[in-house]
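Trainee: Provided herewith is a single structure, encoded as structure tokens, for subsequent inquiry.
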Amino acid sequence: MSKLCFVGIGNPGAKYNETKHNVGKDWLARISLDHSLEFILKDKLEAKIATSHENKILWVMPTNYVNNTGKTLQKIIRYSDISSDNLVVLHDDLDLNPGEVKIKLGGGHGGHNGLKDIFEKIGSKDFYRIRIGIGHPGDKGDVSNWVLSKFKPKDKDLIENSFFDLNRVFDLICERKFSEAQLKLHS
């Protein structure tokens, strides 16, 4: 079995913790607790790295900004010889309502600068995504402030419930049973 690589997109620094843009990184950190993982800082890769499942799963939390996520993934792919179809990227998604989570293979970037950078740097869109809904502010001009803000209490409850939904199917994802995980998660 080839390696699977989970990547949680987010910005570095405590001031971005629990912001909408960091939900992918925050969720990956929470899921890693269930696997008792210890992340090691790898400065050359611009990431914190952990492994599980007898070194068959690589866990990556980039230490650079969302807009530079592709730079880290480019290095990870070279370092670990992982192909793009073995990447699973957890990220925030403006096109989904808070509480909605979707698993998807491929697709566009939907305006997400982290995904844009990944496309540019690794030259592929063929990777799995765990799209975590954060809702849209309504006005395109408000997006930057929106993604850097924290969830309102009502939305935070929806996000928390959807985290538990994903966590229930996470083992299926680890086993590469994406269709089965999608079916359980999306129904």
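Trainee: Considering only residues that are surrounded by 14 or more Cβ atoms within 10 Å (Cβ to Cβ) and closer than 15 Å to Asn17 by Cα, which ones fall in region 143-155?
Mentor: Residues satisfying the conditions are Trp146, Val147, Leu148, Ser149, Phe151.
Trainee: Among the residues of region 136-147, how many are out of contact with any strand residue (DSSP E or B) (no Cβ under 9 Å at 6 or more places or on another chain), touching a residue at least 40 places away in the same chain (Cβ under 8 Å) and either β-branched (Val, Ile, Thr) or under 22 Å from Thr72 (Cβ atoms) (or both)?
Mentor: Going through region 136-147 one residue at a time, the tally reaches 1.
Condition check ((1) touching a Cys at 6+ places or on another chain (Cβ under 9 Å); (2) outside any strand (DSSP E or B); (3) more than 28 Å from Lys156 (Cα to Cα)) across all residues:
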{"site": "Asn11", "(1), (2), (3)": "no, yes, no"}
{"site": "Lys25", "(1), (2), (3)": "no, yes, no"}
{"site": "Ser32", "(1), (2), (3)": "no, yes, no"}
{"site": "Lys48", "(1), (2), (3)": "no, no, no"}
{"site": "Met61", "(1), (2), (3)": "no, no, no"}
{"site": "Asn64", "(1), (2), (3)": "no, yes, no"}
{"site": "Lys71", "(1), (2), (3)": "no, yes, yes"}
{"site": "Leu90", "(1), (2), (3)": "no, no, no"}
{"site": "Ile103", "(1), (2), (3)": "no, no, no"}
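Trainee: Does Gly133 count as farther than 26 Å from Lys3 by Cβ, out of contact with any Phe, Trp or Tyr (no Cβ under 6 Å at 6 or more places or on another chain), surrounded by 22 or more Cβ atoms within 10 Å (Cβ to Cβ) and touching a residue at least 24 places away in the same chain (Cβ under 8 Å)?
Mentor: yes
Trainee: Now a separate question. Find the residue count for region 133-154, including only residues that are outside any loop (DSSP other than H, G, I, E, B), touching a helix residue (DSSP H, G or I) at 6+ places or on another chain (Cβ under 9 Å) and of a type outside the set (A, V, I, L, M, F, W, C).
Mentor: Going through region 133-154 one residue at a time, the tally reaches 2.
Trainee: Any residue at all in region 159-179 that's surrounded by 14 or more Cβ atoms within 10 Å (Cβ to Cβ), within 15 Å of the chain's Cα centre (by Cα) and either assigned to a loop (DSSP other than H, G, I, E, B) or charged (D, E, K, R) (or both)?
Mentor: Checked region 159-179: no residue is surrounded by 14 or more Cβ atoms within 10 Å (Cβ to Cβ), within 15 Å of the chain's Cα centre (by Cα) and either assigned to a loop (DSSP other than H, G, I, E, B) or charged (D, E, K, R) (or both).
Trainee: Checking the structure you have, find out if any residue of region 108-130 is hydroxyl-bearing (Ser, Thr, Tyr), assigned to a loop (DSSP other than H, G, I, E, B) and at pLDDT below 95.
Mentor: Yes, region 108-130 contains at least one residue that is hydroxyl-bearing (Ser, Thr, Tyr), assigned to a loop (DSSP other than H, G, I, E, B) and at pLDDT below 95.
Trainee: Could you check region 1-34 and list, in sequence order, the residues that are farther than 13 Å from Phe170 by Cβ and of a type in the set (A, V, I, L, M)?
Mentor: Answer for region 1-34, where residues must be farther than 13 Å from Phe170 by Cβ and of a type in the set (A, V, I, L, M): Met1, Val7, Ile9, Ala14, Val23, Ala29.
The values are calculated or read from the model by the stated rules, or taken from the named source; none is laboratory data. Computed from a prediction, not measured in an experiment: that's the story for all the values here. Cβ sites come from the backbone with ideal geometry, for glycine too, and all protein chains shown count toward neighbours.
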